[in-house]
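Peer 1: Have a look at the structure that comes next, please.
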Amino acid sequence: ALAHVWQVTKEEIHHYFVGSKLLWSDIKTSFSIISRLLNGHTLTRRERRQLTRTTADIFRLVPFAFFVIVPFMEL
């Protein structure tokens with residue numbers, strides 16, 4: 001039973017680690033898109049969808065972080 005719990009824990013940590021790396025990559029891409037937008041370029045449909053998805057992901061991260069960080073602050 002303990003080995004199963006350890007395996008599940010490792011899988012969850014890996015899942016969130018990979019997801020964090022993907023989110024960071026999306027944020028970097030979005031910053032470059034925003035900088036081009038501020039310089040007067042127009043957005044393609046793909047770029048607009050990228051910005052929308054990344055913004056939504058960040059807004060979803062805020063409540064998640066609240067529920068994860070606050071309990072660990074007790075430790």
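Peer 1: Which part of the stretch 45-69 falls in the paramagnetic zone of Leu23, meaning amide N under 15 Å from the point 7 Å along Cα-to-beta-carbon?
Peer 2: Answer for this model: 53-69.
Peer 1: How do the peptides 13-23, 47-57 rank, highest first, by the average count of neighbouring beta carbon atoms within 10 Å per residue?
Peer 2: 47-57, 13-23
Peer 1: Kindly give Rg over Rh for the stretch 1-71, based on alpha-carbon atoms, with the Kirkwood expression for the hydrodynamic radius.
Peer 2: Looking at the stretch 1-71, the ratio lands at 1.17.
Peer 1: Continuing with the same structure: Assuming 0.36 nm per residue, please report the length gained on full extension of the stretch His4 to Thr44 beyond their Cα-Cα distance.
Peer 2: That works out to 9.7 nm of additional length.
Peer 1: So with the 1.4 Å probe, I'd like the accessible area per residue for the chain, rounded to whole Å².
Peer 2: With the other protein chains kept in place, the chain gives 90 Å² per residue.
Peer 1: Can you compute the helix-only [θ] at 222 nm over the chain? Use -39500 (n - 2.57) per DSSP H run of at least 4 residues, normalise by all residues, nearest 500 deg cm²/dmol.
Peer 2: -32000 deg cm²/dmol
Peer 1: May I pose another question? Could you work out what % of the accessible surface of the chain is carbon and sulfur, using a 1.4 angstrom probe and leaving DNA, RNA and ligands out of the count?
Peer 2: Carbon with sulfur: 68 percent of the solvent-accessible area.
The values are calculated or read from the model by the stated rules, or taken from the named source; none is laboratory data. All of these numbers come straight from a predicted model, not from anything done at the bench. Cβ sites come from the backbone with ideal geometry, for glycine too, and all protein chains shown count toward neighbours. Calculation scope for accessible area: heavy atoms of the full protein, side chains included, ligands and nucleic acids excluded. Shrake-Rupley method; radii C 1.70, N 1.55, O 1.52, S 1.80 Å.
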